[in-house]
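The values are calculated or read from the model by the stated rules, or taken from the named source; none is laboratory data. The structure presented is a predicted model; accordingly, all values stated were derived computationally and were not measured. So basically every Cβ, Gly included, is an ideal-geometry build from the backbone, and we count neighbours across all protein chains shown. SASA here: full protein model, heavy atoms, side chains in, ligands and nucleic acids out. Shrake-Rupley method; radii C 1.70, N 1.55, O 1.52, S 1.80 Å.
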Amino acid sequence: MAERFYIKGGTPLKGEVSIGGAKNSVLKLMAAALLVKGSTKIYNVPELTDVDIMLKVIAQLGAKIDYNKEEKSVVIDATELTSVTATYELVSKMRASFVVLGALVSRCKEANVAMPGGCAIGERRVDFHIKGLEALGAKIKIENGYVIAKANKLIGSDIYLDIPSVGATENIMLASVLAEGSTRIQNAAQEPEIVDLANFLNTMGADVNGAGTSEIIINGVKPEHLHSIEYTTIPDRIEAGTYMTAIIATKGKGIIRNVYPAHLTFFTNKLLKMGANIKLLDPTSMEVSCKNRLNSINFITQPYPGFPTDLQSMAMALLSTANGVGIITESLYENRFMQVPDLNRMGADIHQDRNHAIIKGVKKLSGTTLTASDLRAGASLVVAALMADGESVVEKIHHIDRGYENFESKIRLLGGKIERRVEDSQINLTEGVHNESYL
Ligand code: EPU
């Protein structure tokens, strides 16, 4: 059986949508919960397949999990850990689980974590993670596809990252919380999710300073200093940006609730330049609307606070029908233009040259059968289908379920015509698309 989205485009999205907890934050908070011999309660946990995988990884290490989907909370009791191994079976399903490496080395002084390998969007190496842990004194071997780390003790160190890698910054932060002395991460990632992790750790009794800047200093504390906490995850800025795009793409008008607008400043400015209207209603709500055809713009994806790579595909969907020519340069990943062939099949005029995409705006897109190749490319195809004439079917939507909670329900709340169907994987899609039960 396969799950697909059936979408009828052309309806302006209107109404309100509430944003859930940040996927890329909550996964790391769950790993950080492994540091404390006690219970951690995390709120604003989105219902995502990536969250389920992370909980399995943590349970595999011996922590007890109580996941309350109604309350959107999870309690992780890491009083006793029974294993230091995160298996390939789970890590290969979700790279973010590699962040348990830092937490395990910190807490248990050893870890066996499967190497995550590349993924659809790029090579995604972990060399900075490993060099960072080695700088703290861990001895690391890679054997049989596993990173095997051991440390008699970890000693604070100065670590310079060649690229402000989000995952490496997080792994080093986690590893240095219980190290002896101070660790300084230079050229650290500055994403809001890094700040959330630092706030979480500090609430737990750690001593982390400078998160949100390029230099983070972690003063090691004794294990008995850490204690049980309750903590609420920040809103998901990428989910918010996706709904902003969908509203603008369909020439609609909607309110995004439970968002921190400051986390989207760069993206919002680009949308304003294109001609969208964005109004701050209160510190956690924005009104977004668009009446006219957008203007093309150019942008380069960059680490935070630059243009987020995770919203690049969404912006490309907007540029596909904007007035003029736009150029996107993807500077973080080698292979993050996987939405291009499907957008072109919808009638877009996009030419890709290595990490540049040249988008000549066309008047309209038309619906067809589309395939989600990864999470964000998949979401951009849904946005494109919502703005296109006619009907589309999006296949392989399990990629989208990794990062968007109740995606189709939230779009339907905004008036979008979308339905999830579970059906035979061999179904004739041309027939299926004309079954209008979702309208
Ligand atoms: N890199 C290396 N060596 C390393 C680490 C990173 O070469 O040791 C390279 C990567 O190959 C990549 C670049 O540095 O080209 C940036 O990677 P980074 O480590 O910053 O990314 P990440 O931690 O693997 C997180 C998010 C991604 C998001 C990026 C950039 C999570 C779970 N994932 O990945 O989110 O694109 O930061 O902001 O936090 C998504 O949500 O769809 C997603 C892919």
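Within region 166-185, track down each residue that is over 23 Å from the mean Cα position of the chain (by Cα) and either surrounded by fewer than 22 Cβ atoms within 10 Å (Cβ to Cβ) or polar (S, T, N, Q) (or both). Full working, then the answer.
Taking region 166-185 and keeping what is over 23 Å from the mean Cα position of the chain (by Cα), we get 176-184.
If the condition is that a residue be over 23 Å from the mean Cα position of the chain (by Cα) and either surrounded by fewer than 22 Cβ atoms within 10 Å (Cβ to Cβ) or polar (S, T, N, Q) (or both), then SER176, GLU180, GLY181, SER182, THR183, ARG184 are the ones that fit.
The lone criterion from (1) over 24 Å from the mean Cα position of the chain (by Cα); (2) free of Cβ contacts under 8 Å to residues at least 24 places away in the same chain left unmet by ALA388 is number (2). Listed here are the helices (runs of 4 or more DSSP H) enclosed by region 182-290 that have at least 3 residues being closer than 18 Å to GLY156 by Cβ: 192-203.
Return the residues of region 390-404 that are of a type in the set (Asp, Glu) and within 13 Å of the ligand (Cβ to nearest atom); say none if nothing qualifies.
Applying the first criterion (of a type in the set (Asp, Glu)) to region 390-404 yields 391, 395, 401.
Once the filter is applied, which keeps residues that are of a type in the set (Asp, Glu) and within 13 Å of the ligand (Cβ to nearest atom), region 390-404 yields only ASP401.
Only one of the listed residues (SER289, SER296, SER320) is closer than 23 Å to PHE337 by Cβ, open to solvent by 10 Å² or more (accessible area, probe 1.4 Å) and of a type outside the set (A, V, I, L, M, F, W, C). That residue is SER296. Each residue in region 215-251 was checked for being over 27 Å from LEU375 (Cβ atoms) and surrounded by fewer than 24 Cβ atoms within 10 Å (Cβ to Cβ), and 14 pass. Determine, yes or no, whether ALA211 is open to solvent by 10 Å² or more (accessible area, probe 1.4 Å), within 23 Å of the chain's Cα centre (by Cα), away from the ligand (no atom under 14 Å from the Cβ) and among the aliphatic types (A, V, I, L, M). Against the criterion (open to solvent by 10 Å² or more (accessible area, probe 1.4 Å), within 23 Å of the chain's Cα centre (by Cα), away from the ligand (no atom under 14 Å from the Cβ) and among the aliphatic types (A, V, I, L, M)), ALA211 qualifies. Quick one: in region 328-368, of everything that is among the hydroxyl-bearing types (Ser, Thr, Tyr) and not in a strand (DSSP E or B), which residue is farthest from GLY378 (Cα to Cα)? Only one residue fits best here, namely SER331. Restricting region 45-103 to residues that are among the acidic types (Asp, Glu) and farther than 14 Å from ALA33 by Cβ, the residue that is farthest from the ligand (Cβ to nearest atom) is GLU70.
Would you mind finding the one in VAL325, VAL382, VAL362 that is in contact (Cβ under 8 Å) with a residue 12 or more places away in the chain and under 24 Å from GLY306 (Cβ atoms)?
On the way: VAL382 fails: under 24 Å from GLY306 (Cβ atoms); VAL362 fails: under 24 Å from GLY306 (Cβ atoms).
Step by step, each of VAL325, VAL382, VAL362 is checked, and only VAL325 is in contact (Cβ under 8 Å) with a residue 12 or more places away in the chain and under 24 Å from GLY306 (Cβ atoms).
Residues in region 299-312 that are within 17 Å of PHE337 (Cβ to Cβ), more than 10 Å from the ligand (Cβ to nearest atom) and open to solvent by 20 Å² or more (accessible area, probe 1.4 Å): ILE300 alone. Report yes if some residue within region 341-356 is open to solvent by less than 40 Å² (accessible area, probe 1.4 Å) and closer than 23 Å to ARG124 by Cα; otherwise report no. No, region 341-356 has no match at all.
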